[in-house]
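Asker: Shown below is the structure under consideration.
The values are calculated or read from the model by the stated rules, or taken from the named source; none is laboratory data. Quick caveat, the model's predicted, so the values are computed rather than measured. All Cβ positions, glycine included, derive from the backbone under ideal geometry; neighbour counts span all protein chains shown. Remember, those area values only see protein heavy atoms, side chains included, never the ligands or the DNA or RNA. Shrake-Rupley method; radii C 1.70, N 1.55, O 1.52, S 1.80 Å.
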Amino acid sequence: MSETVFAKIIRKEIPVDIVYEDDVSLAFKDINPQAPVHILVIPKKSITKLEIVTEEDITLLGHLLLIVKKIAQEVGLDNGYRVVINNGNDGGQTVNHLHLHILGKRKMTWPPG
Ligand code: 5GP
């Protein structure tokens, strides 16, 4: 499978507005924000989508969620926020590298479109 734009972002070959980084994860502002706050949290490990994760990834997945919580606190999403993982075609996934969307600073609707 061909390399994704997120692999290039992890290698710092494409500039992004980084919000958080550690050994295993990176968070940066979405280039096409769907809310006043729209941040993507990604693993540095190459995982195409949620569908392929295994028990080996349990710690990493938990870590990503904890990072989501920390970032949400840091950017002041005190009134709530939405966390989204789009998986595969019907899920609306457009970049084949697992990512969690953090969306906030506006009232979300339900169900999502
Ligand atoms: P998906 O539709 O796969 O769930 O989400 C992919 C997200 O990646 C989209 O919201 C899109 O705007 C974002 N994105 C795609 N390419 C880039 C890029 O080069 N830089 C940044 N910052 N975000 C990107």
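Asker: Are any of the residues in region 66-78 within 14 Å of the ligand (Cβ to nearest atom) and not aliphatic (A, V, I, L, M)?
Answerer: No, because not a single residue in region 66-78 is within 14 Å of the ligand (Cβ to nearest atom) and not aliphatic (A, V, I, L, M).
Asker: Now for a different question. Show me the strands (runs of 3 or more DSSP E) found entirely inside region 5-72 where at least 1 residues are open to solvent by 90 Å² or more (accessible area, probe 1.4 Å) and either at pLDDT 95 or above or of a type in the set (Asp, Glu) (or both).
Answerer: Strands (runs of 3 or more DSSP E) meeting the threshold: 25-29.
Asker: Here is a further query. Answer yes or no: is there a residue in region 79-91 that is open to solvent by less than 10 Å² (accessible area, probe 1.4 Å), among the hydrophobic types (A, V, I, L, M, F, W, C) and closer than 24 Å to residue 7 by Cβ.
Answerer: no
Asker: Just for region 20-63: of the residues that are away from the ligand (no atom under 16 Å from the Cβ) and under 18 Å from residue 86 (Cβ atoms), which one is farthest from the chain's Cα centre (by Cα)?
Answerer: 57
Asker: Restricting the search to region 92-107, which residues are in contact (Cβ under 8 Å) with a residue 24 or more places away in the chain and either closer than 27 Å to residue 2 by Cα or over 12 Å from the mean Cα position of the chain (by Cα) (or both)?
Answerer: 93, 95, 96, 97, 98, 99, 100, 101, 102, 104, 105, 106
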